[in-house]
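The values are calculated or read from the model by the stated rules, or taken from the named source; none is laboratory data. As the structure is a computational prediction, the values presented were derived from the model and not from experiment. Don't worry about glycine lacking a Cβ; one is built from the backbone with ideal geometry, like all the others, and counts go over all protein chains shown. Accessible surface is based on the protein model in full, side chains and every heavy atom, while ligands, DNA and RNA are left aside. Shrake-Rupley method; radii C 1.70, N 1.55, O 1.52, S 1.80 Å.
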Amino acid sequence: DFEMIDTEGKTHKLSEYVGNGRWVLVDFWASWCGPCRREMPNVVAAYEKFHDKGLDIVAVSLDGNKIPWVEAIEQLKMPWVHLSDLKGWESLVTKLYKINAIPDNLLINPQGEIVARNLRGSELAEKLGEIYGK
């Protein structure tokens, strides 16, 4: 578990979102990361298709500055939970989850167990399709 602030400065724990009967994709990204921005349409599409079926997303940013972080959320139309400690690569999550490159993600089942990692492109849609049915 970890604790970070949202875009409004309120503190949240990851445990508020995982292990509560819904699937959760924890998506590690940053506003300055070109590959992250190119991947985001896939994440948005997965959210739009599967959110009503039980998928939540918690985005964890490795940004160091709040302004570009918040602007990117708006530009990329990411309507889910956003957390960051605004410490960039010094973020506690990089050590906790051994993140050496972004984008990266963890798919966590309703019981709070990590079942997949680094699902990108069509892999994310395929895995969620297996879980929820096409």
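Residue under question is Ile5, and the condition is that it be more than 21 Å from Arg120 (Cβ to Cβ) and in contact (Cβ under 8 Å) with a residue 40 or more places away in the chain; does it hold? Yes: the conditions hold for Ile5. Name the residues in region 62-118 that are of a type in the set (Asp, Glu) and within 13 Å of the chain's Cα centre (by Cα), would you? Passing the criteria: only Asp104.
Reported count of residues in region 47-65, each being among the hydrophobic types (A, V, I, L, M, F, W, C) and open to solvent by 10 Å² or more (accessible area, probe 1.4 Å), is 0. Inclusion of Trp32 among residues that are part of a loop (DSSP other than H, G, I, E, B) and at pLDDT 95 or above is warranted.
Apart from one condition, Ala116 fits all of (1) part of a helix (DSSP H, G or I); (2) at pLDDT 95 or above; the exception is (1). Considering region 95-127, and only residues there that are at positive phi and either among the acidic types (Asp, Glu) or touching a residue at least 12 places away in the same chain (Cβ under 8 Å) (or both), the residue that is surrounded by the fewest Cβ atoms within 10 Å (Cβ to Cβ) turns out to be Gly121. On inspection, Leu107 fails the criterion of being touching a Phe, Trp or Tyr at 6+ places or on another chain (Cβ under 9 Å) and closer than 17 Å to Ala30 by Cβ. Candidates in region 77-94 are the residues that are at pLDDT 95 or above and open to solvent by 40 Å² or more (accessible area, probe 1.4 Å); of these, the one that is nearest to Cys33 (Cα to Cα) is Trp89.
For Ile57, the criteria (1) within 11 Å of the chain's Cα centre (by Cα); (2) at positive phi; (3) not charged (D, E, K, R) hold in every case but one, which is (2).
Trp80 meets all of the listed conditions (1) touching a residue at least 60 places away in the same chain (Cβ under 8 Å); (2) in contact with a helix residue (DSSP H, G or I) (Cβ under 7 Å, 6 or more places away or on another chain) but one, namely (1). For region 15-46, filtered to residues that are surrounded by fewer than 18 Cβ atoms within 10 Å (Cβ to Cβ) and among the hydrophobic types (A, V, I, L, M, F, W, C), the residue that is nearest to the chain's Cα centre (by Cα) is Val44.
When we screen Leu106, Leu128 for residues that are assigned to a strand (DSSP E or B) and either under 22 Å from Asp1 (Cα atoms) or of a type in the set (A, V, I, L, M, F, W, C) (or both), the only hit is Leu106.
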